[in-house]
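Right, one structure below, let's go through it.
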Amino acid sequence: MTDLSWLTARPVAHRGFHDMNKTRWENTLSAFAAAAERGYAIECDVHLSSDGVPVIIHDGDLQRLTGQDGFVWQRTAAELTALKVGGTSDHVPTLQEALDLVDGRVPMVIELKGIPGRDEGLVAIVGKMLKRYKGKAAIMSFDHWLIRDFPKHAPGIPAGLTAYGKDVKLIEAHFAMLAHEITFTSYAAGDLPNRFVSFVREKLKMPVITWTVHDQPAVDLTIKYADQMTFEGFEPDLVKVA
């Protein structure tokens, strides 16, 4: 099994080390720089532009983050990177800009945000970029249709299932994803413990990180049932939680 100790060695800054979008906004180069300077791993969200460039933005639509109407998939990378985030000097960054900025200083955990019919090829494009990248990086997704592409289009890249829930239907769907060579799980802290997380962690020895940790109760759940946390809104110690 691939050594993924680097994935759980340090807390993961959710969308970078932002200040809850007061002056330093989520998923910006400023937030990534702040995380790297503090030694935190970085989680970020990636969509494809209309011309097939991976760009970092959480929402599929542009309104909340840029004040613009429309969707990410309708704009070229040049058009997207010209947009300012939250009225700040930060623009919507490309994934390559973020990789160049971080330059291997801390791990990158990249969540692929797929829109069926709009983000075809996302896994392959990101997989190729990460093959060239010298630093530690992993991909993950909520979207099962993207996870099914991981083994074929991003072989050798650590790949995770982002998940939540405790009910039987959701848990069974998570178990089905084990057929697609995932190597870690990112699970909602508030839905711990559950039998899926217990199985992958204890039986498969698969690392589990939690999302998104904002307070001490979620820290406590992570310490008890997982290996590391994805956090925002505070500045945790640089220690492995488990």
If I filter the stretch 197-217 down to residues being open to solvent by less than 70 Å² (accessible area, probe 1.4 Å) and over 20 Å from the mean Cα position of the chain (by Cα), which single residue comes out as farthest from GLU235 (Cα to Cα)?
LEU204
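With respect to ALA13, determine if the residue is under 17 Å from ASP103 (Cα atoms), assigned to a strand (DSSP E or B) and touching a residue at least 40 places away in the same chain (Cβ under 8 Å). Please lay out each step first, then the result.
Values: under 17 Å from ASP103 (Cα atoms): yes; assigned to a strand (DSSP E or B): yes; touching a residue at least 40 places away in the same chain (Cβ under 8 Å): yes.
Here the answer is yes, as ALA13 does meet what is asked.
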Among the residues of the stretch 13-65, which ones are out of contact with any Leu (no Cβ under 9 Å at 6 or more places or on another chain), closer than 10 Å to VAL85 by Cβ and polar (S, T, N, Q)?
THR28, SER30
From GLY87, GLY127, which residue is small (Gly, Ala, Ser) and assigned to a loop (DSSP other than H, G, I, E, B)?
GLY87
The conditions are (1) in contact with a helix residue (DSSP H, G or I) (Cβ under 6 Å, 6 or more places away or on another chain); (2) part of a loop (DSSP other than H, G, I, E, B); (3) open to solvent by 20 Å² or more (accessible area, probe 1.4 Å), and GLY114 fails exactly one of them. Which is it?
(3)
Quick test for you: out of SER89, SER30, pick the one residue that is more than 23 Å from ALA138 (Cβ to Cβ) and out of contact with any strand residue (DSSP E or B) (no Cβ under 8 Å at 6 or more places or on another chain).
SER89
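Quick one: in the stretch 132-147, of everything that is of a type in the set (D, E, K, R) and within 17 Å of the chain's Cα centre (by Cα), which residue is farthest from VAL102 (Cα to Cα)? Show your work before the answer.
First, the residues of the stretch 132-147 that are of a type in the set (D, E, K, R): 132, 134, 136, 143.
Keeping just the survivors that are within 17 Å of the chain's Cα centre (by Cα) gives 136, 143.
Values: LYS136: 10, ASP143: 26 Å.
In this case the residue turns out to be ASP143.
Could you check, for the stretch 98-109, whether at least one of its residues is open to solvent by less than 70 Å² (accessible area, probe 1.4 Å) and of a type in the set (Lys, Arg)? Reasoning before the result, please.
In the first step, residues of the stretch 98-109 are kept if they are open to solvent by less than 70 Å² (accessible area, probe 1.4 Å); the result is 98-99, 101-102, 104, 106-109.
From what's left, of a type in the set (Lys, Arg): none.
No, because not a single residue in the stretch 98-109 is open to solvent by less than 70 Å² (accessible area, probe 1.4 Å) and of a type in the set (Lys, Arg).
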Just one of LEU170, LEU146 is more than 21 Å from SER5 (Cα to Cα) and without any contact (Cβ under 8 Å) to a residue 24 or more places away in the chain; which is it?
LEU170
Are there any pairs, at least 6 apart or on different chains, whose C-beta atoms fall under 6 Å, with the first in the stretch 119-133 and among the charged types (D, E, K, R) and the second not in a helix (DSSP H, G or I), and if so, which?
ASP119/LEU48
Looking at the stretch 128-148, is at least one residue crowded, with 22+ Cβ neighbours inside 10 Å and aromatic (Phe, Trp, Tyr)?
no
Odd one out for THR222, checked against (1) surrounded by 13 or more Cβ atoms within 10 Å (Cβ to Cβ); (2) within 25 Å of GLU26 (Cα to Cα); (3) free of Cβ contacts under 8 Å to residues at least 24 places away in the same chain
(3)
Return the residues of the stretch 38-76 that are closer than 20 Å to GLU120 by Cβ, among the hydrophobic types (A, V, I, L, M, F, W, C) and surrounded by fewer than 22 Cβ atoms within 10 Å (Cβ to Cβ); say none if nothing qualifies.
VAL53, PHE71, TRP73
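The values are calculated or read from the model by the stated rules, or taken from the named source; none is laboratory data. Worth saying up front: this structure is predicted, and the values here are computed from it rather than measured. Please note: Cβ atoms are built from the backbone with ideal geometry, for glycine as well, and neighbour counts cover all protein chains shown. Heads up: the accessible areas ignore ligands, DNA and RNA and are worked out on the full protein's heavy atoms, side chains in. Shrake-Rupley method; radii C 1.70, N 1.55, O 1.52, S 1.80 Å.
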